[in-house]
């Protein structure tokens, strides 16, 4: 039997439950890996996702024209690829939306053609004259 | 500036402003130059705020006599200028029997020099009744009922406002760079302006020696001596009396003292330093004052501290007299140039007496001092939300809605008081200016709630964008830009031409 | 002077104020909410990150989304509220005085008062950091308010003191707005907030977490120019020689929250060790008809638990009005609740003996983290009247216990009980790689 040398490609800390298992991603290369150190199925699923395609929900603000406040909090309606966060932030920074706005309104549709929308996180009224 | 002022005062601390106000009754043209963004920015705003009854120094020191005289003048000034002040009395505390003799001697000297009401109290029960927080180790106190506490910066604002009401011009952000003299007229050059005057009063605090040297008078130096303080929440400790330990040669010692606004502080220590801009507090210093304060008040609520700060005393070394630590109030050899330097403790107490002396010097210099017909010594008491009854408040808000918008929760300060602080003569132009005039940010949340509102109000009233609102002048901005500015800058930087 | 009358007046329209108001209105009693800010919602409005609502709605929402649901209900139920109105006094006979710029001074006469004023942040002065006093020192919540609501950046490069959730959230927030966060400094030897935030706010952005260090000096005469951090020993004393300087133009402090009980004291209530008012199992203070809930009672970590607590306060206020208001009812006696081993504080401060047949909700925090513990309640004779296992406890997570003593068939004969958290007697503590 051949003994293949294994490296730890990455260490992932599971955030699914408070135990916070340290999950090792082991393999010779990035395409052939095994996971070690998880204690439940959810942890394994999290580690797999986090290793291959880490995603995050982005929450930030967007400038508002004519609202009772100068900014409205917004979020991505689905988790976004971590590597795209910066680009999305830049697009949002350059945009200005108009009041009145209702929570859930789509303010940027299909951002970067990823099938993800930027939606409003609250209602915002128009500034009274 | 083409006006030739009769009197130009360099320095907008309590000394300079008190001189300005005292002289403002006369038909003369007066100006005050202050290097910082606001008056009362130096030693004036960072001291113990004590109006001493007498002063424990040798009778050869003029500061002793000016102190005793100055204390008496506070009563009339208080009636006229309406600044926060109360004569609550002080204890010099003896913790050992052998210290009682010192207290007896001080009492005797004080009575001889005209300090009224001095009494030696050895009855521990009576002492504790008068000041319950005092340590059980007390064996006796020297009680001076004419001692009091004042808000030194609010006093300075009152002085300046009254002076301005009576015609004195104030110029802030004016740092004196050079002084020339030609044909009995002084030309005072600042970074962007020139002022002319027949007489100059040098009340420049820590920089008085520097100013004096500009006219060739190089006979004294000012050495900064740092004093650190810790301020405690008024709910945690309430003191009746000002508590002094037995003083040393170097300083009056570490006091535990009530403030006029109901808080308590401990401090100051005394550390000679060289950097005149070093108003930092230190770990060792804060420990020193807590330890020192605990000798007088064992249960100092260290966990209830609101703030720590430090001030620098302007300690004079007079080489002509080889004397350290006495006021230098001289009608100098440079005709028309009066030094008012080294005004360390009891400078605050002495301010009105010092102004009297300067008045005398100006008379000797031949300046004609005729009283104005329309001189008004009264500076009305600033209206405070907390002083009104419920009925009065209701009426006031209906007359002016800015009384009803509370900006500072901790101290209950409405927008109106902030607007008054900004629009008063020599009014606030900075967040600290607002804070020191009407208190938002002095409470237990230290501006946590009110800071954005105060910045907004200053921005609106001064017609400047919020990013330009400062804490206390140049380089002390709070905000660096609008929320998306950094991201947009990064985008612009990355974008190829 | 304008006088408002209501069955219940609620001070504060954050998560606690809104949830309790809705509860009271649903019982058909009249309610008035008093809010000092220009809109309803409280501090949750500026918490634009997600992680809220998992318990209350089984969804993961942002702060504004969470509170918007309660705001919507307030609107639907047409609950009256006053904005931009500051309560300035609660008298000893429960009269509430407030001011706003339209109506002047107003008096609110109510049968019951619910205190929901939330908390404030611990400041630099309160923790006595020596140094200069330049501009550029903020508390984390203050910075959050500027960035998310007012629309301004407080600085360009930051050091954050305190690795609680709000400190870590702000680290990410500022990074997302293009600023540089140099480090998060934590005085304890471990991170103070959730692991999830450590991963997604710090590790994701390579922001160093420096534990067992604290800020020992602030530099910069006009504007912050940097901070000195020093290592601390087990007693949190500075280790001389361990100083490091970090250049930055802003220091953010995330060093603790203090319940805002100025008005509570004003009204004559008493505070307990944790800074909140002394309450019984009905969340009623020692003043009859005055209830407290949310951060003003005890600092919470999860807004969901605030809403639940506030709903209980609302229900109890309703019960008070319907059964006890205006009547002389004899108390059947009280059982004091004390904090024992490894417990920092316990709420409620006492239980009414007459309520022992009801569900009683205890909330507490531990002093130090521990794993595989046993929570115990003992009476004065040291008898264990309740015990429960827990996998881990940590100071940053409030523990909630719902106990019905009569269902447990437990008589409490003593005048006091004590809650303690001890290591499980039967379990050997193993070395843990991860903490």
Got the relative contact order for region A:7-52 handy, in percent, Cα pairs under 8 Å and 6 or more residues apart? 35 percent
To the nearest 0.05, the calculated FRET efficiency linking residue B:79 and residue B:122 through their beta-carbon distance, R0 being 35 Å, is 0.50
Theoretical FRET efficiency, 1/(1+(r/R0)^6), r = Cβ-Cβ of residue C:338 and residue C:234, R0 35 Å, to 0.05: 0.85
Would you please put C:315-327, B:203-215 in order of how densely packed they are, using the mean number of other Cβ atoms within 10 angstrom per residue and starting with the highest? B:203-215, C:315-327
Convex hull over the Cα atoms of the protein assembly as shown, averaged projected area in nm²? 51.6 nm²
Hey, in the GNM for chain C with a 10 angstrom Cα cutoff, which one of C:65, C:411, C:328 fluctuates hardest? C:328
Heads up, region B:180-276 by the C-alpha gyration tensor (a ≥ b ≥ c square roots of eigenvalues; a/c under 1.5 rounded, else a/b over b/c prolate, else oblate) looks prolate
When only C-alpha pairs under 8 Å and at least 6 residues apart count, what is the relative contact order of chain A, in percent? 18 percent
The rounded separation in angstrom of the Cα centers of region C:177-230 and region C:86-141 is 29 Å
Along principal axes, Cα extents of region B:68-177, largest first, whole Å: 54, 34, 31
How many nm is it between the label spots at residue B:4 and residue B:112, if each spot is 7 Å from the Cα in line with the beta carbon? 4.9 nm
Rounded Å value of the spacing that divides the Cα centres of region C:292-348 and region A:49-79: 37 Å
Per-residue counts of other Cβ atoms within 10 Å, averaged by peptide: what ranking do you get for B:375-384, B:163-172, highest first? B:163-172, B:375-384
Rounded, prolate or oblate: pick one for chain C, where a ≥ b ≥ c are the square roots of the eigenvalues of its C-alpha gyration tensor, a/c under 1.5 means rounded, and failing that, prolate if a/b is larger than b/c, else oblate. oblate
Each residue of A:50-61 has, on average, a number of other protein chain C-beta atoms within 10 Å of its C-beta equal to 4
How long is the gain from residue C:225 to residue C:422 if the chain were fully straight, where each residue apart is worth 0.36 nm and the alpha carbon distance is subtracted? 66.4 nm
Shielding by other protein chains, A:97-105, mean Cβ within 10 Å: 1
Ranked packing of B:282-295, B:340-353, most packed first, by mean Cβ within 10 Å: B:340-353, B:282-295
Rounded if a/c under 1.5, otherwise prolate or oblate - region C:123-255, Cα gyration tensor axes: oblate
Over the whole of C:192-202, what's the average partner chain Cβ count within 10 Å per residue? Rounded to a whole number, please. 3
Whole-Å distance, taken between Cα centres, linking region A:8-22 and region B:24-42: 66 Å
Suppose a student asked you for the relative contact order of chain C, using Cα pairs under 8 Å spaced at least 6 residues apart; what percent would you report? 14 percent
Taking a spot 7 Å from the Cα of residue B:240 along the direction of its beta carbon, which residues of region B:126-164 have an amide N less than 12 Å from it? B:126-134
Say R0 is 30 Å: what FRET efficiency, to the nearest 0.05, do residue B:189 and residue B:368 get from their beta-carbon distance? 0.65
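Values in this text are rule-based calculations from the coordinates and carry no lab data. Keep in mind that what you see is a predicted model, and the values were worked out from it rather than measured. Positions of Cβ are generated from backbone atoms using ideal geometry, with glycine treated the same way; all protein chains shown enter the neighbour counts.
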